[in-house]
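Here the structure is laid out as structure tokens; the discussion comes afterwards.
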Amino acid sequence: MTVSMQVNEQPNILIVDDVSTNLVILSEMVKVTGCIPRPVTNVKQAQTAIERKIPQLILLDISMPDTDGFEFCAMLKADVKTRDIPIIFISALDSVEDKIKGFKLGAVDYIAKPFEKEEVTLRLNTHLKIYKLQQEMEAYNRKLHQVVNEQLTRGAEEQKNILNTIADMLDMQSDIYERGTDRISTNCRMLAISLQFSPRFDKLISSAFIDEIESASKLYDIGMLSVSEEITNKKTELTADEFEKIKEHTIAGADYLKKINKDKNKNEYLEMAIDIAKYHHENWDGTGYPKGLSGTDIPLSARIVAVIDTYMALNSDRSYRGAYTREESLSIMRSEAGKRFDPSIIDIFCKIQKQLQCGD
């Protein structure tokens, strides 16, 4: 807890001493500094006073009945509500050992009895100035933290807006994005959230990752814009050369996005989108394209999109076949675990597939 006060509020100083004469003397000295003295004669009264109002500083006698100053200081420093309150010990005990013990417990200063007015006034003013500077620094840090968070939030929104704008334009290309970018992104987000609960993925998937894949996955097939309509609209089986042209869309898509993301301040959403566009046709066993990556060398985001893209394709009509049922699609997906797909992702996918949107 931070010990704080209003801008124009007078600092209040708690004085704990079992000798009434000392309380009177110290109270007068505190008033001279422009502070409000709050004298009490024992620890129990001090605790009650602190509960009513947190002091900006405590003058604490060491030698007191029941609970001495050292013990009370330790109690205050162990409590999150009072650990930041500056404590100055006041005592006739002025041995080096006593002073060292007090400082080790967390006291900021030590005033010996009998009191010298000038010394007490000087020490109080010094620690109140330090306190004020700490308050100003904490206020500045809070403001700075707020500004930085606002900038980060604004930056993240701008990054997402870039991807969403591109995705909206791509959705107009119905021949290419027949399954719809919104359903792809919704399903990828759902699968990523589910993976987050697995010990296998909990350290890899953060809230930021989930937000990024929701937007980045919309651009997974942007490279298909580089493939001629003659091939993309073909109703019969592709030739070997035509399939090679199709495979080039992964590199083309990554290149498109790299050109957009060449600014010094990299867009983290686009960074993920580049990985997805380039690697979503890589297979777990290394038989995919364009690089023949295998296992965890394939970016996690691309592995997630590969599962969702295939599942939605299976559930969609094709010129050469009708859509598979959910049960048929699930059986095919299971058979490809460890081959095309990360088996750990398929395990989670099978448990949540009923919550996913189908291709049509």
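The values are calculated or read from the model by the stated rules, or taken from the named source; none is laboratory data. Since we're looking at a predicted model, the values are computed, not measured. In this analysis, Cβ positions are derived from the backbone assuming ideal geometry, glycine residues included, and neighbour counts consider all displayed protein chains. For accessibility, only protein heavy atoms count, side chains too; no ligands or nucleic acids. Shrake-Rupley method; radii C 1.70, N 1.55, O 1.52, S 1.80 Å.
A simple rule links phi to the HN-Hα coupling: the Karplus curve 6.51 cos²θ - 1.76 cosθ + 1.60 with θ = phi - 60°, which for the range 64-69 gives 9, x, 6, 10, 7, x Hz, with x for Gly and Pro. For the range 230-240, the Karplus equation 6.51 cos²θ - 1.76 cosθ + 1.60, evaluated at θ = phi - 60°, returns couplings of 4, 7, 5, 9, 5, 8, 10, 5, 6, 7, 4 Hz by residue, with Gly and Pro reported as x.
Amide H contacts of Ile111 (H built 1.01 Å from N, in plane; Pro and chain starts excluded): Phe89, Ile90, Ser91 sit under 5 Å, all sequence-distant by 5 or more or on other chains. Taking amide H as placed 1.01 Å from N in the peptide plane, Ala323 has its amide H under 5 Å from the amide H of Asp317, Arg318, each at least 5 places away in sequence or on another chain.
For the range 22-110, the percent of C-alpha pairs falling in each 5 Å distance bin, counted from 0 to the bin holding the largest distance, reads 3, 13, 26, 27, 20, 10, 1. Classify the range 244-294 as rounded, prolate or oblate, taking a ≥ b ≥ c as the square roots of the eigenvalues of its Cα gyration tensor: rounded when a/c is under 1.5, otherwise prolate if a/b is larger than b/c and oblate if not. Taking the square roots of the gyration eigenvalues as a ≥ b ≥ c, the range 244-294 is oblate.
Spin-label model, Ile352/Asp285: points 7 Å from Cα along the beta carbon direction are separated by 2.7 nm. In this view, the solvent-accessible surface of Glu71, computed with a 1.4 Å probe and all protein chains in place, comes to about 100 Å². Taking all protein chains as shown and a probe of 1.4 angstrom, Asp297 keeps an accessible surface of around 110 Å².
Across the range 276-283, coupling constants 3J(HN,Hα) worked out from phi with the 6.51/-1.76/1.60 Karplus curve, θ = phi - 60°, read 5, 4, 7, 10, 6, 10, 6, 10 Hz, and Gly and Pro carry x. If you plug the beta carbon distance of Leu238 and Arg142 into 1/(1 + (r/R0)^6) with R0 = 41 Å, you get a FRET efficiency near 0.10. Go through Lys53/Lys101; Lys218/Lys259; Lys258/Lys278; Lys77/Lys101; Lys278/Lys351; Lys143/Lys203 and tell me which ones have a Cα-Cα distance over 21 Å in this structure. Beyond 21 Å between Cα atoms: Lys53/Lys101; Lys278/Lys351; Lys143/Lys203.
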